[in-house]
């Protein structure tokens, strides 16, 4: 096979000339140019990988001279030399290939390292700035995402469940909700609660203030205070706009760009498009901790003892079997640490002017059956 | 396309004569003057990511301008950013590696690509990225001070602040001059040891040395 190459030598006017290379018997390289030819005995030659991109091969007649030199860009010559029957020549080719591969590897490793470093910085910057960006997004969008996300959330958790219309149940829950929402100062959100008949033991809040409670969890709850604890936690996810923060930090730069450039309508359509899907991803641990803490403060302001919430957690996690069936606890796992944290926060924020609820929870449960 | 370098070697500009329909690509802000029949088209050549890479890593501008002569031949003058020489090289299906910010203008067929210089270039004083200009066409690049062409056969040492460009058949490694004492006291610091065969272009002045010198003349607000 013939290879195109460059021969460097002082004997040429330009210092170099184009040559055609041919390998004979695996150890004799002949470089032909217009006015003659040069022979390289590979047994004595020096083979070096080189060039800015490490994709070139230099061949020198021996180890002590730098001229004449052959420069080949086609590395398949190196492969042909590696297949030589001469042991020394073969080893030289292997060495050159090794150096070339190592240099290439170093370069790629460097690029990957830099990319990892910068994307790490970016993601840190993003989680930090998500809160700031969210402030620029109108509250209306939370409501819109909640509305859009509602059908798919119900369809995935409790398909075909029906609304509970029982007045005693709805009024009791409304009373708890009102006590909590009155204590929220300057909230831009309107909370409304839907109770659905389903064995699913869960309750959740959608961005914008729509709260869904399944009868499954109501049957596990033993007092209005326990339900108030669950609701306070969910309400704080809405108040702190955790869903929107998740969406913004996951969607990354494109949102930031659009918000800054000012085309809110454009950013809005993108957020709405992906937002309802992202709802299913759940919240980060920091967000859960924040909702815990703010939830207890809310309970305290509303005059509701938060030990109901802590009790509920403990009660549920005692029974492991129940823990598995309890989807609310699956997304809000109660570790000992979390219980301790909750207790600590509760100590700091004891309820002001405790007021009892009028509901008799036993009667409420009987209405659900 | 014809060209003429005027004002060499101190403050040169290049005057390019374009035939009808011919075009040339230049860095944003490089145009000095032109005949009225030349149309300018600004674009992020190589796509947004490519341009971003070029801007962030190679110190060139995000947007590049394409100048086309319409309805007859036209004349256009380009100048580099810094005071220094302009060099012309006709690339014939070959490549040239240029250091940060050296590219001024060239044929639209030339492919410009940002190239990672490896960790060694962190110490090279030339930035992490180089530009690889590849293809066939005219290329104009600039320096700080005058440009000297050096033919390297085997090995050659160049101070890191004086590299303008080199052929891709050359590779370099960063090393310190002498021992630790000379690293800090000789004023040479790190140098680049080139290996291989090919041409390198050096500039006769160094940006950072000039910046250090000029800094001494900067007006300083007195503290009250």
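Numbers for the structure displayed
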| quantity | calculated |
| --- | --- |
| Residue-averaged beta-carbon neighbours from other chains (10 angstrom radius) around A:67-80 | 1 |
| Residue A:91-residue A:165 pseudo-label distance in nm [points 7 Å out on the Cα-to-Cβ vector] | 9.3 |
| Fully extended contour minus Cα-Cα distance, from residue B:150 to residue B:41, at 0.36 nm per residue | 35.6 nm |
| Neighbour-count ranking [beta-carbon atoms within 10 angstrom, fewest first] of A:52, B:130 | A:52, B:130 |
| Spin-label pair residue A:2/residue B:75, simplified geometry with 7 Å Cα→Cβ offset, distance in nm | 4.7 |
| Inter-centroid distance (Cα atoms) of the range A:282-297 relative to the range A:186-227, Å | 17 |
| Where only C-alpha atoms are counted, convex hull volume of the range A:75-153 per residue in Å³ | 183 |
| Taking B:77, A:211 and counting other C-beta atoms within 10 Å, the order from fewest to most | B:77, A:211 |
| Two-site label geometry, residue A:13 and residue A:339: point separation in nm, points 7 Å out along Cα→Cβ | 9.4 |
| Cβ-derived FRET efficiency at R0 56 Å, residue A:124 paired with residue A:223, nearest 0.05 | 0.85 |
| Fewest-first sequence of A:14, A:166, A:74 by Cβ atoms within 10 Å of each Cβ | A:14, A:166, A:74 |
| Partner chain coverage, peptide B:197-209 - average Cβ within 10 angstrom | 2 |
| Contour excess over end-to-end distance, with Cα ends at residue A:111 and residue A:79 and 0.36 nm allotted per residue | 8.8 nm |
| Extension gain, residue A:369 back to residue A:136 (0.36 nm per residue minus Cα-Cα distance, nm) | 79.3 nm |
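A short reminder: the numbers here are calculations on the coordinates, not readings from a lab. Note that this is a predicted model, so its numbers are computed, not measured. As a convention, Cβ positions derive from the backbone with ideal geometry for all residues, glycine included, and neighbour counts pool all protein chains shown.
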